[in-house]
Amino acid sequence: MAESPFMDQSNCFNCHFPAHFCSVLQSGRCINLMAFFLYISHKMWQEMAKYGRKLVEHGLVESNFGNISVRAGDKMLITRSGTALDEITGDNVVEVEIQDTSSLDIIASSETVVHREIYRQTSALAIIHSHCPYAVVESLLAGAGEVIVPVDSEGQYFLGNIPVVGGGIGSLELAENLADALSKHKGAVVYSHGTFAPGRTLGEAYIVTTQLEHSCRVKYLYELAAVKK
Ligand SMILES: [Zn+2]
């Protein structure tokens, strides 16, 4: 009997695609290239568009900030530079290499180098970068290289201490700092900038994003109330 190409219920271990994108290959191992064509044919950008809209609708980012990517084997799809996250279409996502730089890097998000390093150093299959306002405020209060300590029980349980990472936008320093932080934590906040949340799916990355912002919001309001007491 042919070996199943699926490492679990959701992802093929060869190409990292969600199983339902590889269903025609269930009788044997997939081939990255075939899986990639299936990936494109099923318009994965629609999933990116769905979470881009949710981020904006829920106030987790202003429309023209932030970026989203998904891993597809040795490549990733990432939003183009300047893409409004609530207006993502197939025309404003680009495919670039993970191990090497790509000629399309020039039109991809300015944070492509950061997404690339996270995929290289962690098991992430999807990444959401958002400019969540309370997370940015708490990063300013904590300082780069420090941690944000959640005061809500859910944040303490699911996130633990949230690392605040330093480094310029789109810099190699930031990429290395974030990849290191996300190999040990579920999510991180870039100092004075915003959140980075990885996941096996965009849905998971979205949930981590909301958890980061929720915990930072509760912490800010709690400490504000405590001062007024
Ligand atoms: Zn940003």
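Read the figures in this text as sums done on the coordinates, not as results from a lab. Since the model is a prediction, treat every value here as computed from it, not as a measurement. Heads up, the Cβs are rebuilt from the backbone with ideal geometry, glycines too, and the neighbour counts pull from every protein chain shown.
Treating the beta-carbon of each Lys and Arg as +1 and of each Asp and Glu as -1, no other charges, what is the dipole magnitude of the range 89-187 about its Cα centre, to the nearest 20 debye?
Working: 4 positive and 14 negative charges, 45 e Å.
With only Lys, Arg, Asp and Glu charged at Cβ, the dipole is about 220 debye.
Which of the residue pairs Lys186/Lys219; Lys50/Lys75; Lys54/Lys228 have a Cα-Cα distance greater than 24 Å in the structure shown?
Lys54/Lys228
Starting at the first residue of the range 47-60, write each ³J(HN,Hα) from the Karplus equation 6.51 cos²θ - 1.76 cosθ + 1.60 with θ = phi - 60°, in whole Hz, x for Gly and Pro.
With coefficients 6.51, -1.76 and 1.60, one gets 5, 5, 5, 4, 6, x, 5, 4, 4, 6, 4, 9, x, 7 Hz.
Could you go through the range 100-111 in sequence order and give the Karplus-derived ³J(HN,Hα) for each residue, using 6.51 cos²θ - 1.76 cosθ + 1.60 with θ = phi - 60°, rounded to whole Hz, and x for Gly and Pro?
Those phi angles translate into 10, 6, 9, 4, 7, 4, 5, 9, 7, 3, 5, 9 Hz.
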